[in-house]
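Everything below concerns the one structure shown next.
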Amino acid sequence: AAIPNVGDKFWRRMMKTFGDYTSYDSVRTRVVYVGPKLIIMEDSLSPLAGTMDNEYVAIGTEFDRDMYGYLSNFGDPLVLDSQTDNNGRVIAIFSKKVNDYTVGSGGSLLGFVTSCDFAPNTDPDPRNVCVPSNEGEYFYAFVPNPNASGNANWSLEDWRHYVRGTMLHEFKHVVMFAERISRDATNAEDSWLEEATAQMATEFWARKLYSNKGQKANISWG
């Protein structure tokens, strides 16, 4: 796929229900950031759509400059890029549809990734197909929605605080999917280990960001 320009608009797919790989919502997105390793797209129906460009540029710049490199501790999120969209970048879609998802006992969801995106969305052999796939390395993220209630209510300040660590955490999951698929693994990593290493990816970045503490140094959280 050609590398897009800021302002380009695309339809993208988003699965409606976790575990349902047969249906999806169509999301109209606008490209708001294109960096050396990251593309950010905003859902045109997000509550603050069109007013957040500076926020997305700041997050995208930080990801490319300070965050992406930590993923190499675990693998390469783009190891399958030549077989997917071949654009040399991971992609983040910010959409209120993520806010509207619930998990567990009604808790809110900050973002997700899916192995579905590494499969084609059409193929002569239906066993190869995952219909909601965007055929690339994707992360789907929540958006600020300060006038909402319940799980969907996120101030811009709180969103800015939580979304960055979530982004690095979830792209660590992309690394896992990409590396295991590239090695013909028959299953994903055990969840206890995968969640732990995704948290580690975020901690590597946070140690530098908040306290400039190196490996094995005591951060003194209190």
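Between D53 and N86, the distance separating the two model label sites (each 7 Å from Cα on the Cα→Cβ line) works out to 3.1 nm. Per residue, the Cα convex hull of segment 93-222 amounts to 153 Å³. If R0 is taken as 30 Å, the Cβ-Cβ distance between S44 and A1 corresponds to a FRET efficiency of 0.90. Among DSSP bridges having both ends in the chain, what percentage is antiparallel? Round to the nearest 5. About 65 percent, rounded to the nearest 5. Considering the chain as a Gaussian network with a 10 Å cut-off on Cα pairs, which listed residue, I181, I40, I91, attains the greatest mean-square fluctuation? Result: I181 has the largest fluctuation of those listed. Taking the Kirkwood radius as Rh and the Cα radius of gyration as Rg, segment 1-124 has a ratio of Rg/Rh equal to 0.95.
Between Q199 and D100, the modelled label-to-label distance comes to 3.2 nm, taking each label 7 Å out from Cα in the direction of the beta carbon.
Residues considered: E157, E170, E135. Largest GNM mean-square fluctuation over the chain, using C-alpha springs under 10 Å, is found at E157.
Counting only DSSP H runs of at least 4 residues, each contributing -39500 (n - 2.57), and dividing by the residue count of the chain, the helix-based mean residue ellipticity at 222 nm comes to -8500 deg cm²/dmol.
Which residues make up the longest stretch of the chain that has no chymotrypsin sites (Phe, Trp or Tyr not before Pro) in a DSSP loop with at most 13 other Cβ atoms within 10 Å? So the longest stretch without any such site is 19-220.
Charged side chains reduced to their Cβ positions (Lys and Arg at +1, Asp and Glu at -1) give segment 17-166 a dipole of some 220 debye around its Cα centre.
Of the trypsin sites (Lys or Arg not before Pro) found in segment 1-32, those that fall in a DSSP loop while having at most 15 other beta-carbon atoms within 10 Å are K16. Normalised per residue, the accessible area of the chain is 51 Å², obtained with a 1.4 Å probe and no contribution from ligands, DNA or RNA. Model label sites at K208 and R183, defined 7 Å from Cα along the beta-carbon direction, differ in position by 2.5 nm. Note on segment 1-100: antiparallel DSSP beta bridges, both residues inside, total approximately 70 percent of the bridges counted.
The values are calculated or read from the model by the stated rules, or taken from the named source; none is laboratory data. Predicted model only: the values in this text are computed from it and were never measured. Here Cβ is always computed from backbone atoms with ideal geometry, including for glycine, and neighbour counts include all displayed protein chains. Ligands, DNA and RNA are stripped out before the accessible areas are found, and what is left, the full protein with its side chains, is counted by its heavy atoms. Shrake-Rupley method; radii C 1.70, N 1.55, O 1.52, S 1.80 Å.
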